[in-house]
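The values are calculated or read from the model by the stated rules, or taken from the named source; none is laboratory data. Predicted model, so just to flag it, every value in this text is computed and none were measured. When we count neighbours, we look across all protein chains shown, and the Cβ atoms used for this are built from the backbone with ideal geometry, even at glycine.
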């Protein structure tokens, strides 16, 4: 009896080993194919480019001029770069360690929960900050009176605090029972479980996807409104022109800076939409159909956002654009366009005529105001889109007045014009005889 039991036990062990060997042999091509398709080099390259690009962007922002550092857009941009850099440093080493550990994340489940939490936190923090930048540009371009008269420093801190606290709150919901975090294929990253049919997981999946889609479309709509406003005003001169040209130059420099900020925001929005919208749609559509084969692709595409964002601040800068355009013009032997010479001569003639009219107005005691003679010629002082784009790309950005000196001289010129614009009482013949 005992001998019979031993034979049965040995047969079962042999049978189990045989089936295990057959399974290993049959699954060997698939396993090798998985290893071939999922290589650690992709994560290493993304990590290296992300860290290098964000550090380079911080250096570029740190070298910005003093007046640019005082703007709200600069503070939001610096916060976005820091957020992207921290997100890369917090998540990419875990992925690389999982690849080196034979597609197994070490220190589970603690490291898995940490990784998923940081993924959700960094993703929403980036989205909220970009949306805040779009709101800031909207008020600057469409509501300039409110923007320049209200103290915005406190609003900037509150907005950034809201972005980070809101992101932490959303990422903490799975720890409170709304949703859950799990390891995802091929075992090198973790995210919230958007395949589960549990009510809490479904609710969190809808919150994540719909909130992300709403943020993306809100940012796009705000950018469209800003672009429409810029096209509508056609970059008209909004400051008083003077014979010295200092006010005009200050106004042009301000407009060039605003255009640079808008171009940076548009580029960031395009990258942000391209990288994050597929992930949001993937999570939303997975509530109705199985699309698990695209998970790794969309999460890597979302990770590209933190890598590409900093290069916007590096490449779309007046210094960079100027030197690139200069190299391009030198390579192809391009000359200065004729419309620039024609527009410059027209502006000089307009300035001379307005200065002569101003002198005549100061001699004429019955003239109503100095500004009334110049307002009729404002259209001649406007610059065209072609000239404006040429100045943005091809004018030396270092060849300009100091901001504080230009602002002081601008205020003095405005005060002089206001004094000369006062109405003088007429001198009658009786008064002349008494004199």
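Can you confirm whether residue 88 is surrounded by 15 or more Cβ atoms within 10 Å (Cβ to Cβ) and either part of a helix (DSSP H, G or I) or free of Cβ contacts under 8 Å to residues at least 60 places away in the same chain (or both)?
In short, yes.
If you go through the stretch 162-203 one residue at a time, how many are within 26 Å of residue 104 (Cβ to Cβ), surrounded by 15 or more Cβ atoms within 10 Å (Cβ to Cβ) and without any contact (Cβ under 8 Å) to a residue 60 or more places away in the chain?
Here the count works out to 7.
Would you mind stating whether residue 122 is more than 27 Å from residue 227 (Cα to Cα), modelled with pLDDT of 85 or more, assigned to a helix (DSSP H, G or I) and under 18 Å from the mean Cα position of the chain (by Cα)?
yes
Scan the stretch 150-161 for residues that are part of a loop (DSSP other than H, G, I, E, B) and either buried (at least 17 other Cβ atoms within 10 Å of the Cβ) or in contact with a helix residue (DSSP H, G or I) (Cβ under 7 Å, 6 or more places away or on another chain) (or both) and report the count.
Of the residues in the stretch 150-161, 1 are part of a loop (DSSP other than H, G, I, E, B) and either buried (at least 17 other Cβ atoms within 10 Å of the Cβ) or in contact with a helix residue (DSSP H, G or I) (Cβ under 7 Å, 6 or more places away or on another chain) (or both).
Which members of the stretch 75-85 meet the condition of being buried (at least 19 other Cβ atoms within 10 Å of the Cβ) and either modelled with pLDDT under 85 or within 14 Å of the chain's Cα centre (by Cα) (or both)?
Taking the stretch 75-85 and keeping what is buried (at least 19 other Cβ atoms within 10 Å of the Cβ), we get 75-77, 79-81, 83-85.
Listed by number, the residues that qualify are 75, 76, 77, 79, 80, 81, 83, 84.
Which numbered condition trips up residue 71, out of (1) more than 13 Å from residue 190 (Cα to Cα); (2) at pLDDT below 90; (3) surrounded by fewer than 16 Cβ atoms within 10 Å (Cβ to Cβ)?
Only one criterion in (1) more than 13 Å from residue 190 (Cα to Cα); (2) at pLDDT below 90; (3) surrounded by fewer than 16 Cβ atoms within 10 Å (Cβ to Cβ) is unmet by residue 71, namely (3).
What is the number of the single condition among (1) over 30 Å from residue 156 (Cβ atoms); (2) buried (at least 21 other Cβ atoms within 10 Å of the Cβ) that residue 123 does not meet?
(1)
Tell me, which residue of the stretch 204-217 that is without any contact (Cβ under 8 Å) to a residue 40 or more places away in the chain and within 21 Å of the chain's Cα centre (by Cα) is nearest to residue 270 (Cα to Cα)?
By that ranking, first place goes to 217.
Identify, from the list 135, 130, the residue that is surrounded by 22 or more Cβ atoms within 10 Å (Cβ to Cβ), under 18 Å from the mean Cα position of the chain (by Cα) and in contact (Cβ under 8 Å) with a residue 60 or more places away in the chain. Spell out the reasoning first.
Working: 135 fails: surrounded by 22 or more Cβ atoms within 10 Å (Cβ to Cβ).
Among 135, 130, only 130 is surrounded by 22 or more Cβ atoms within 10 Å (Cβ to Cβ), under 18 Å from the mean Cα position of the chain (by Cα) and in contact (Cβ under 8 Å) with a residue 60 or more places away in the chain.
I'd like the residue in the stretch 19-51 that is surrounded by fewer than 13 Cβ atoms within 10 Å (Cβ to Cβ) and closer than 23 Å to residue 303 by Cα and, out of all such residues, is modelled with the highest pLDDT. So that I can check it myself, show each step before the final result.
Taking the stretch 19-51 and keeping what is surrounded by fewer than 13 Cβ atoms within 10 Å (Cβ to Cβ), we get 19-33, 36-37, 39, 41, 45.
This time we only want the ones that are closer than 23 Å to residue 303 by Cα, so: 36-37, 39, 41, 45.
Values: 36: 48, 37: 52, 39: 74, 41: 84, 45: 89.
Per the criteria, the residue is 45.
For (1) at pLDDT below 85; (2) more than 30 Å from residue 58 (Cβ to Cβ), each residue gets a yes or a no:
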residue	(1), (2)
228	yes, yes
244	yes, yes
251	yes, yes
260	yes, no
278	no, no
284	no, yes
292	yes, yes
307	no, no
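Going through 179, 123 one at a time, which residue ends up being closer than 29 Å to residue 70 by Cα and touching a helix residue (DSSP H, G or I) at 6+ places or on another chain (Cβ under 8 Å)? Quick ask: steps written out before the conclusion?
Working: 179 fails: closer than 29 Å to residue 70 by Cα.
None of the other options fit; the residue is 123.
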